[in-house]
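Nothing in this text is a laboratory measurement; each read-out follows from the coordinates by a stated rule. Small disclaimer: the values here were computed from a predicted structure and weren't measured. Backbone-built Cβ (ideal geometry, glycine too); neighbour counts: all protein chains shown.
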Amino acid sequence: MADRQGGAGALSGTGALSREGNVLGALALLLADQLSAAVATAAGGSGSAAAALAALHGFLDRPTLDKLRQVLGLTPSGAVRLVDRLAEAGLVTRGPGADLRSRAVILTPAGRRAAVRVASARGAVLDRALADLTANQRRTLEGLLGKVMAGMVREKDGGAWICRLCDLDACGRADGHCPSANAAAAKYGPPATR
């Protein structure tokens, strides 16, 4: 009866979840909710619109619709609808792709401004989340988060790209400091060079 009243193990049925795991789950949900709301508002649309703008601005250079779809973890029809909405809003255009059969998705100047607003909104939420930590606590947290991220990337199989909203400069990706990129390279091998 205690489980029905919210006692120990009420949801899991076993009580086996650690306190730190439970707090991490609650924090992840809180951050996801706040980030989703902030970036969607900044993009003037959905979380998928915000992720598309961020990815197009941050690391995708004139991707095909299929590449954008893969990054965002969308179905082909979902990606078409998203790009249609972004184009109608004046945030992207479609242009010639790398070959005669493909079309590229390209940010407009308004799309670049929206992407900057998305990055700023994301940064504000994350800055608030870390505001009560000292510099030493932040360094400790950075190391711990890197370990957790690397473990999660090793277990991830498919789906949307983890870094689709990331500030690649902040994580030190170009200098080899991104835990997600490093774990992916260990799992799949280094990225192909052009």
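Overview of results
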quantity: The range 77-155, Rg to Rh (Cα coordinates; Rh as Kirkwood inverse mean 1/r); calculated: 1.18
quantity: D_trans [Stokes-Einstein, Kirkwood Rh over alpha-carbon pairs] for the range 8-121, 20 °C, 1.002 mPa s, µm² s⁻¹; calculated: 137
quantity: Degrees, to the nearest 10: 19-43 long Cα axis against longest axis of the chain; calculated: 30
quantity: Burial ranking of peptide ranges 168-176, 36-44 (average Cβ count within 10 Å, highest at the top); calculated: 36-44, 168-176
quantity: Backbone HN-Hα couplings from phi across the range 179-187 [Karplus 6.51/-1.76/1.60, Hz, Gly and Pro as x]; calculated: x, 5, 5, 5, 5, 5, 5, 5, 7
quantity: Computed [θ] at 222 nm, deg cm²/dmol, the chain (DSSP H ≥ 4; -39,500 (n - 2.57); rounded to nearest 500); calculated: -19000 deg cm²/dmol
quantity: Size-normalised alpha-carbon gyration radius of the chain, reference 2.2 N^0.38 Å; calculated: 1.19
quantity: Packing-based order for 86-93, 122-129, 49-56, using average beta carbon neighbours within 10 Å, highest first; calculated: 49-56, 86-93, 122-129
quantity: Tilt relative to the chain, helix 47-58 - C-alpha long axis, 0 to 90 degrees, to 10; calculated: 60
